[in-house]
Amino acid sequence: MQGRWGFPRRRGGPPDRHIVIPYGKQFLDEADVEAVVEVLRSDWLTTGPKVGEFERAFAESVGAREAVAVSSGTAALHAAVFALGIGPGDEVIVPPMTFAASANCVVYQGGTPVFADVCPETLLIDPASAASKITERTRAVIAVDFAGQPCDYDALRAIAEPRGIPVLADACHSLGGADKGRPVGTLGRLNAFSFHPVKHITSGEGGMVTTDDPDLAGRMRSFRNHGISADFRQRDRQGSWFYEMTALGYNYRITDFQCALALSQLRKLPQWLARRREIARRYDEAFAGLAAARPLAVRAGASHAWHLYVIRLEPAALRTGRAGIFGALRAEGIGVNVHYIPVHLHPYYRERFGTGPGLCPDAEAAYERILSLPLFPRMSDDDVHRVVAAVRKVLEANAA
Ligand SMILES: *Cc1c(COP(=O)(O)O)cnc(C)c1O
């Protein structure tokens with residue numbers, strides 16, 4: 001038997017309130033299931049009509065000219081880095097407060113990630129730190145919209161574009177957000193999204209890159225298919241068997257049934273964003289007066305998409321460290337998590353690039369204090385109350 005969130009539940013086992021509320025979870029309805037089944041019964045499982053249909057609907061929903069669908073958010077970032085022509089000897093500035101894929105995509109192409117610190121109040125890349133890391137080898141800045149809040153793109157573009165350096169948005173958290181009225185998906189030269197089940201909409205695994213540049217889109221379409229050029233006129237001239245591999249690409253194609261699922265999910269994005277914002281507002285109200293924990297700040301002009309709700313613990317107001325609070329909340333059935341271990345502290349980066357503690361002090365200090373609370377559209381009001389009550393209880397019980 002399955003519990004409400006899909007966790008196994010024993011017959012006659014503990015009551016619902018002991019079931020863990022995860023930090024994130026997908027929401028599928030019958031229309032989603034129908035959309036997938038329809039494709040399974042069709043002639044096209046992959047590289048068929050649903051891929052283009054999803055790309056066009058997604059591009060329209062964010063207001064971009066082009067959208068290229070791929071097999072994951074990681075593949076989206078990799079395709080973007082490839083399209084920008086990044087290779088060995090090139091440096092790309094990236095914040096450490098993110099999932100490893102934001103930096104790994106640079107390493108895949110032989111480039112060097114250069115870590116810039118984050119603003120302590122938002123955990124978004126600090127434009128001043130990014131500016132200080134620019135060298136004559138810098139080929140891109142990757143901006144990660146941490147937790148769903150768009151970065152300060154005006155400031156980032158102001159430091160990067162005069163030097164001809166493009167800004168690549170890792171928008172895996174921020175679908176549906178906006179910066180000064182401009183939607184996420186149009187803020188970077190390239191913008192990468194993920195459709196992993198914890199993200200705003202899901203295709204199981206899947207990703208997308210949006211851009212206004214048809215050349216970059218063409219390069220990514222070829223990259224997702226082994227670097228094979230899809231020049232139909234040439235095929236006509238040379239014979240219909242003819243194709244050419246013009247660059248080293250990958251199989252990063254997404255299936256038609258995944259695109260059918262994502263298309264069906266995309267229709268629900270506005271109502272799910274509204275629910276995420278409502279839950280975040282309730283958390284904000286509930287935690288406004290706490291001495292032992294503070295939410296992250298929201299930048300003026302940013303429309304937050306609320307992928308994560310992150311609180312920062314105040315060590316001076318607590319007798320217990322983050323690990324103790326984390327364990328106590330898990331024991332209350334609250335599936336708290338930590339986003340993220342700074343990427344430059346992972347052994348791979350330390351060994352390969354010589355990074356380590358002290359490189360990004362604000363990200364490292366934040367990492368010691370952060371907790372992500374459950375936040376997903378299917379949470380009931382009762383779930384939200386449970387989280388609020390558990391956080392209050394655990395912080396009070398551990399007050400200094
Ligand atoms: C989820 C995520 C990715 C990777 O997406 P996948 O679809 O899991 O490959 C990259 N960057 C960030 C910030 C993410 O949250």
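All other residues with a Cβ under 15 Å from the Cβ of residue 71 taken together, and with Lys, Arg as +1 and Asp, Glu as -1, what is their net charge?
Summing Lys/Arg as +1 and Asp/Glu as -1 gives +2.
Just to be sure I understand: of the beta bridges DSSP finds with both ends in the chain, what percent are antiparallel, rounded to 5?
65
How long, wide and thick is the chain, going by the Cα atoms along their three principal axes, in whole angstroms, largest first?
The principal-axis extents, from largest down, are 76, 54, 40 Å.
How large is ³J(HN,Hα), in whole Hz, for each residue of the stretch 84-100 in order, when computed from phi with the Karplus curve 6.51 cos²θ - 1.76 cosθ + 1.60 and θ = phi - 60°, using x for Gly and Pro?
Once θ is set to phi - 60°, the couplings for the stretch 84-100 become 7, x, 6, x, x, x, 8, 10, 10, 7, 8, x, x, 7, 6, 6, 3 Hz.
Tell me, what ³J(HN,Hα) does each residue in the stretch 106-113 have, in order and in whole Hz, if you take phi through Karplus 6.51 cos²θ - 1.76 cosθ + 1.60 with θ = phi - 60° and put x for Gly and Pro?
Running phi through 6.51 cos²θ - 1.76 cosθ + 1.60 with θ = phi - 60° gives 6, 5, 3, 9, x, x, 10, x Hz.
Report the equivalent ellipsoid semi-axes for the stretch 306-400 in whole Å, largest first, defined as the square roots of five times the eigenvalues of the gyration tensor built from alpha carbon atoms.
Those come to 28, 17, 10 Å.
Setting aside same-chain residues fewer than 8 positions from residue 50, which lysines have a Cα under 30 Å from its Cα?
Residue 50 reaches 25, 199, 268.
With the convex hull built on the Cα atoms of the stretch 20-168, state its orientation-averaged projected area in nm².
For the stretch 20-168, the mean projected area of the Cα convex hull comes to 11.7 nm².
Go through 137-145, 209-217 and give me the packing order, highest mean Cβ count within 10 Å leading.
Peptide ranking by packing, descending: 137-145, 209-217.
In whole percent, what relative contact order does the chain give with Cα contacts below 8 Å and a gap of six or more residues?
This gives 22 percent for the chain.
Tell me, in nm to one decimal, what length is gained between residue 47 and residue 20 on full extension, where the rule is 0.36 nm per residue of separation less the Cα-Cα distance?
Contour length minus Cα-Cα distance gives 5.8 nm.
Between beta-carbons, use under 11 Å as the cut-off and find the net charge around residue 365, counting Lys and Arg +1, Asp and Glu -1.
Here the charged neighbours net out to -2.
If you average the sequence gap of Cα pairs under 8 Å that are 6 or more apart and divide by the length of the stretch 25-109, what percent do you get for the contact order?
Relative CO of the stretch 25-109 lands at 21 percent.
How charged is the neighbourhood of residue 250? Take every other residue with its Cβ under 15 Å from the Cβ of residue 250, and add Lys/Arg as +1 and Asp/Glu as -1.
Spelling it out: positives minus negatives among the neighbours equals +3.
Given the rule -39500 (n - 2.57) for each run of at least 4 DSSP H residues, summed and divided by the residues of the chain, what is its mean residue ellipticity at 222 nm, to the nearest 500 deg cm²/dmol?
Dividing the helical sum by the residues of the chain leaves -11000 deg cm²/dmol.
Let me check against my output: what whole-number percent is the relative contact order of the stretch 209-319, with C-alpha pairs under 8 Å and at least 6 apart?
18
Given just the C-alpha atoms of the stretch 94-149, how large is their convex hull per residue in cubic angstrom?
70
Each reported figure results from applying straightforward, stated rules to the coordinates on display, with no laboratory input. Just so it is clear, the structure is predicted and the values come from calculations on it, not from any experiment. Neighbour counts are summed over all protein chains in view; Cβ atoms, including those assigned to glycine, are modelled from backbone coordinates with ideal geometry.
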